[in-house]
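> Have a look at the structure that comes next, please.
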Amino acid sequence: MIHENVRLVGPDASRFEAWRDCLLDFGGGALDGSGCQRGEVPEPTRAGFEEYLGNRRRYEDLDVALPPGHVHCTYRWIVDNTWQNGGPLLGFLACRHALTQLLLDQSGHIGYSVRPSTRRRGIATAALGQGLLIAAEVGAAPTLVCCREENNASKRTIERVGGRYDGSRNGFRRYWFGAPPWPVQPTAGS
């Protein structure tokens, strides 16, 4: 079942509590699509929130020169129709505008995660479908989405949305959306 009320919104500076509650729900686990590196969990404080928002704005700003190996990225929060009335933040989605070698091998253009308490409801499927629209808008098409070999839930989500399996690298399954030819080299500096 696809969750029909899911939508993507930009990070909202007025929703600290929703962000904090979402972080706590993840319990220190991976925050794929949030812009946090593996193992990095922001402090669930107002100061941590401000730092988190500032970093996301920097990576979205095409006029900002990023460090080598980094690419511009559009960050979105996954919400549903209760968001406007104080509803929860359901997860994170990132759409990277280009691929470094690492992104080509392991992460892809789009990364996402749904908070544990709201999984298995079609939220990831709906969010990924909308994320592909963002990828097209920023010129990241064809679009690569990856997941760990052992992540069967993400594998099913990606395949449900129409991803075509293109083999695995370093323990990550690679799926493409869009017609070949698919890039075999990075589309950004590594």
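The values are calculated or read from the model by the stated rules, or taken from the named source; none is laboratory data. Given the structure is predicted, the values throughout are model-derived calculations rather than measurements. Here the Cβ positions follow ideal geometry from the backbone for every residue, glycine too, while neighbour counts run over all protein chains shown.
> When only residues in region 17-55 that are of a type in the set (S, T, N, Q) and touching a helix residue (DSSP H, G or I) at 6+ places or on another chain (Cβ under 9 Å) count, which is nearest to Asn151 (Cα to Cα)?
Ser34
> Shifting gears a bit: From (1) in a helix (DSSP H, G or I); (2) exposed (fewer than 15 other Cβ atoms within 10 Å of the Cβ), pick out the condition that doesn't hold for Ser154.
(2)
> What are the residues in region 76-109 that are under 12 Å from Asp12 (Cβ atoms), buried (at least 22 other Cβ atoms within 10 Å of the Cβ) and of a type outside the set (Val, Ile, Thr), if any?
Correct list: Arg76, Trp77, Leu89.
> While we're here: Which one of these is farther than 19 Å from Ile78 by Cβ and surrounded by 17 or more Cβ atoms within 10 Å (Cβ to Cβ): Ala179, Ala188?
Criteria check complete, one pass: Ala188.
> Give region 97-122 a look and list any residue that's β-branched (Val, Ile, Thr) and either in contact with a Lys or Arg (Cβ under 9 Å, 6 or more places away or on another chain) or more than 16 Å from Cys22 (Cβ to Cβ) (or both), or say none.
Thr100, Ile110, Val114
> Which residues, counting only those in region 8-31, are in contact with a strand residue (DSSP E or B) (Cβ under 9 Å, 6 or more places away or on another chain), of a type in the set (D, E, K, R) and surrounded by fewer than 16 Cβ atoms within 10 Å (Cβ to Cβ)? Don't jump to the end; show me each part of the working.
First, the residues of region 8-31 that are in contact with a strand residue (DSSP E or B) (Cβ under 9 Å, 6 or more places away or on another chain): 8-12, 15, 18-19, 22, 26, 29-31.
Right, trim to of a type in the set (D, E, K, R) and you get 12, 15.
The one that is in contact with a strand residue (DSSP E or B) (Cβ under 9 Å, 6 or more places away or on another chain), of a type in the set (D, E, K, R) and surrounded by fewer than 16 Cβ atoms within 10 Å (Cβ to Cβ): Asp12.
> While we're here: Looking only at region 131-147, which residues are over 11 Å from the mean Cα position of the chain (by Cα), part of a strand (DSSP E or B) and over 17 Å from Ala179 (Cβ atoms)?
Cys147
> Still on this structure, I have one more. So which of Asp32, Asp61 ends up being modelled with pLDDT of 95 or more and under 29 Å from Ala188 (Cβ atoms)?
Step by step, each of Asp32, Asp61 is checked, and only Asp61 is modelled with pLDDT of 95 or more and under 29 Å from Ala188 (Cβ atoms).
> Within region 176-186, identify whether any single residue is part of a strand (DSSP E or B) and in contact with a Pro (Cβ under 7 Å, 6 or more places away or on another chain), and answer yes or no.
yes
> OK, next. Going through region 69-113 one residue at a time, which ones are over 19 Å from Asp25 (Cβ atoms), among the small types (Gly, Ala, Ser) and not in a loop (DSSP other than H, G, I, E, B)?
Ser107, Gly108
> Just checking, which of Gly69, Gly48 is modelled with pLDDT under 95, surrounded by 15 or more Cβ atoms within 10 Å (Cβ to Cβ) and among the small types (Gly, Ala, Ser)?
Gly48
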